[in-house]
Amino acid sequence: MPEGTTQPFVTHVLKAEKIVFSEYDHHIQRRLSAMKGQYLDQAAYQALLAREDALLYEVYEMRRPEVPGELLFGLSIVHPGIVGQEYFMTKGHFHTVLETAEVYYCLRGEGFMVMETPEGECKVEALRLDSVLYVPPRWAHRSVNTSSDTDLVTFFVYPGHSGHDYGSIEQQGFRKLILARDGRPEIVDNPRWHSPEKRKK
Ligand code: PA5
Ligand code: NI
């Protein structure tokens, strides 16, 4: 791929058992060990990790210069699975440049995008085949796969200079959790979450 150039290029979404790009620059694999402290049920997390450092999600990225005017895009693939009662999910992040948005297009599977602002406003939107989701500037975002057997695959695109800020989410997670209750997803309050006012105290 023409890194650092402004030449047009094309890649193709290949839909087979896995969905991948015909060409890409970077393949990230995020395993259970990278999600320390992120799942509510720490005992279940440790037990699962002792058995296997499971592959939770993958990202295929097109690398572009990380500057305003450029767009970064790729495919996010969250595999099906559960830790305790919590579905496999991405780490989730704010953009370092808060005033940058992102668009997601769902190519396969089902799940939710969990979102919140630094002020603690929160929103959970369902994702299914052909859903187009707009994540406005200032909203942290995490994708959650609620299927028991199918990957949640999304195409994403965001401004080149956005950056990823994982720190704030790592501290206490999102305000809402998606838990499997009687085999169905339920949106519940995260007991570890405190409002921005309380956090300061
Ligand atoms: O920029 C995005 O929002 C996506 O490309 C995500 O990075 C991707 O879904 C993986 O999630 P995370 O970066 O939170 O690990
Ligand atoms: Ni993002």
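Restricted to the range 108-123, and to residues there that are within 16 Å of ligand 1 (Cβ to nearest atom) and either touching a Gly at 6+ places or on another chain (Cβ under 6 Å) or in a strand (DSSP E or B) (or both), the residue that is nearest to E17 (Cα to Cα) is R108.
Here is the figure for the range 39-63: residues that are modelled with pLDDT under 95 and either at positive phi or assigned to a loop (DSSP other than H, G, I, E, B) (or both) total 1. When you check L14 against the structure, is it part of a strand (DSSP E or B), more than 16 Å from V78 (Cα to Cα), of a type in the set (A, V, I, L, M) and modelled with pLDDT of 95 or more, yes or no? So L14 passes the test. Assess whether R142 counts as being more than 15 Å from the chain's Cα centre (by Cα) and touching a residue at least 40 places away in the same chain (Cβ under 8 Å). It is false that R142 is more than 15 Å from the chain's Cα centre (by Cα) and touching a residue at least 40 places away in the same chain (Cβ under 8 Å). Residues of the range 119-129 being more than 17 Å from the chain's Cα centre (by Cα) and touching a residue at least 24 places away in the same chain (Cβ under 8 Å), which ones? Within the range 119-129, E119, G120 qualify.
Out of D130, D189, D165, I need the residue that is surrounded by fewer than 20 Cβ atoms within 10 Å (Cβ to Cβ) and within 14 Å of ligand 2 (Cβ to nearest atom). Which one?
Result: D165 is the single residue among D130, D189, D165 that is surrounded by fewer than 20 Cβ atoms within 10 Å (Cβ to Cβ) and within 14 Å of ligand 2 (Cβ to nearest atom).
When residues of the range 96-107 are filtered for being within 16 Å of ligand 2 (Cβ to nearest atom) and part of a strand (DSSP E or B), how many remain? Here the count works out to 5. Number of residues in the range 72-95 that are more than 13 Å from ligand 1 (Cβ to nearest atom) and part of a strand (DSSP E or B): the value is 4.
Restricting to the range 151-185, what's the tally of residues that are assigned to a helix (DSSP H, G or I) and near ligand 1 (Cβ under 10 Å from one of its atoms)? Let's see the steps before the verdict.
Looking only at the range 151-185, we keep the residues that are assigned to a helix (DSSP H, G or I), and these are 167-172.
Going one step further and asking which of them are near ligand 1 (Cβ under 10 Å from one of its atoms), we end up with 169.
Qualifying residue count, the range 151-185: 1.
Of all the residues that make up the range 125-135, how many are within 16 Å of ligand 1 (Cβ to nearest atom) and either closer than 16 Å to G173 by Cβ or not in a strand (DSSP E or B) (or both)?
Looking only at the range 125-135, we keep the residues that are within 16 Å of ligand 1 (Cβ to nearest atom), and these are 125, 127, 131-135.
Among the residues that remain, those that are also either closer than 16 Å to G173 by Cβ or not in a strand (DSSP E or B) (or both) are: 131.
Final tally of qualifying residues: 1.
Only one entry in V124, V135, V144 is touching a Lys or Arg at 6+ places or on another chain (Cβ under 6 Å) and modelled with pLDDT of 95 or more, namely V124.
The values are calculated or read from the model by the stated rules, or taken from the named source; none is laboratory data. Treat the numbers as computed from the prediction; the structure is a model and nothing was measured. Neighbour counts run over all protein chains shown; Cβ positions are idealised from the backbone, glycine included.
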